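**Student:** Structure in structure tokens, see below.
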Amino acid sequence: MVSRGLQPEKDRVEGVVDVGLIVIAHFENPAKVHAIEFLRDVLLWKRRCLIPTSAFLGAYHILTNYLKVERVAAFNALRKTLETRSPAFFTDINVELVVESLTNAMGYGIESWDGYVVAIAKAYSAPIVYTIDRQMQKRVKDLQVVNPIPDDIFRRYNEWLEKMLES
């Protein structure tokens with residue numbers, strides 16, 4: 001289950017980053033600066049967090065289908081981040097991890113994608129999941145579930161998002 005030479009006993013991992021933060025960092029919105037600052041530290045390995053590369057597939061889907069970001073703009077923004085080839089990128093999605101992800105989804109009553117993020121955190125003894133997902137914050141109790149975007153900025157983002165989606 002260990003990816004690209006990471007050794008959990010030597011390479012302490014602080015956390016795992018969920019798709020929502022990737023999304024917010026890749027389109028114009030009131031929380032973008034904060035998401036980019038957080039993501040920059042992760043990509044530079046200043047914050048030792050893993051980002052599942054599959055989160056970029058989910059981010060593209062959310063950006064283009066729900067947030068109506070133009071496809072080429074979404075592609076270019078996400079590709080630019082991926083081209084950093086950051087040591088934070090987690091590329092391993094094997095059968096055991098998928099089974100554990102489904103187990104987490106069933107046990108916590110969360111989405112299977114969120115179960116995957118939890119499975120990665122547990123596999124690497126990472127105590128924190130960084131996410132904007134409120135459901136995950138309520139249901140996953142054996143890990144810290146943290147939104148790195150300040151509360152006032154995140155509230156402003158949600159108000160902005162609601163108005164944007166109405167139009």
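**Student:** Classify the stretch 51-107 from the C-alpha gyration tensor, please: rounded if a/c falls under 1.5, else prolate or oblate depending on whether a/b exceeds b/c.
**Tutor:** Here the stretch 51-107 falls in the oblate category.
**Student:** On a 1.4 Å probe surface of the protein chains, which of Tyr60, Tyr108 comes out largest in accessible area, and what is the full order?
**Tutor:** In descending accessible area the options line up as Tyr60, Tyr108.
**Student:** Roughly to the nearest percent, how much of the accessible area of the chain is carbon and sulfur, given a 1.4 Å probe? Mind showing how you got there, number by number?
**Tutor:** Values: 4900 of 8950 Å².
About 55 percent, which is the carbon plus sulfur part of the accessible surface.
**Student:** Oh, and also: How tilted is helix 112-123 with respect to the longest principal axis of the chain? Cα atoms for both, answer in degrees (0 to 90, nearest 10).
**Tutor:** 40 degrees
**Student:** Just checking my list (1) 15.4, 50; (2) 15.2, 42; (3) 23.6, 81 against Rg and Dmax of the Cα atoms in Å computed from this structure; which label fits?
**Tutor:** Answer by label: (1).
**Student:** What is the dipole size for the chain, taken about its Cα centre, with +1 at each Lys and Arg Cβ and -1 at each Asp and Glu Cβ, in debye to the nearest 20?
**Tutor:** Details: 21 positive and 21 negative charges, 64 e Å.
Taking the Cα centre of the chain as origin, the dipole is about 300 debye.
**Student:** In whole angstrom, and with the biggest value first, how far do the Cα coordinates of the stretch 84-167 range along each principal axis?
**Tutor:** Here the spans come out as 42, 34, 25 Å, largest first.
**Student:** Now for a separate question. Given a 1.4 Å probe and heavy atoms of the protein chains only, how would you sort Met106, Met136, largest accessible area at the top?
**Tutor:** Numbers: Met106 150, Met136 0 Å².
Most to least solvent-accessible, the answer reads Met106, Met136.
**Student:** What is the Cα centroid distance between the stretch 50-111 and the stretch 131-152, reported in whole angstrom?
**Tutor:** 17 Å
**Student:** Along the charge dipole of the chain, which of Gly115, Leu57, Ala105 sits closest to the positive end, that is, farthest toward it, with unit charges on the beta carbon of Lys, Arg, Asp and Glu (+1, +1, -1, -1)?
**Tutor:** It is Leu57.
**Student:** Determine, from the Cβ-Cβ distance of Val33 and Asn76 and an R0 of 22 Å, the FRET efficiency 1/(1 + (r/R0)^6), rounded to the nearest 0.05. Walk me through the numbers on the way to the answer.
**Tutor:** Numbers: r = 19 Å, r/R0 = 0.87.
The pair Val33/Asn76 has a calculated efficiency of 0.70.
**Student:** Which aspartates and glutamates have a Cα less than 15 Å from the Cα of Lys46, not counting those fewer than 8 places away in the same chain?
**Tutor:** Counting by Cα, and skipping residues close in sequence, Lys46 has these aspartates and glutamates nearby: Asp11, Glu14, Glu37.
**Student:** Relative to the longest principal axis of the chain, what angle (0 to 90°, nearest 10) does the C-alpha long axis of helix 95-108 take?
**Tutor:** Once rounded, the angle reads 70 degrees.
**Student:** Two decimals, Cα atoms only, Kirkwood Rh: what is Rg/Rh over the stretch 16-64?
**Tutor:** 0.95
**Student:** Further question on the same structure: Tell me, what is the 1.4 Å probe accessible area of Asp41, in Å² to the nearest 10?
**Tutor:** About 40 Å², rounded to the nearest 10.
**Student:** Relative contact order for the chain using alpha-carbon pairs under 8 Å, separation at least 6, rounded to a whole percent?
**Tutor:** Computed value for the chain: 30 percent relative contact order.
**Student:** Going by alpha carbons, how many degrees (0 to 90, nearest 10) lie between the helix axis of 32-43 and the longest principal axis of the chain?
**Tutor:** Tilt of helix 32-43: around 20 degrees.
The values are calculated or read from the model by the stated rules, or taken from the named source; none is laboratory data. Not measured: the values here are computed from a predicted model. A quick note on method: Cβ atoms are made from the backbone with ideal geometry, for glycine too, and the neighbour counts reach across all protein chains shown. Each accessible area value is taken on the protein alone, full model and side chains, heavy atoms only, with ligands, DNA and RNA left out. Shrake-Rupley method; radii C 1.70, N 1.55, O 1.52, S 1.80 Å.
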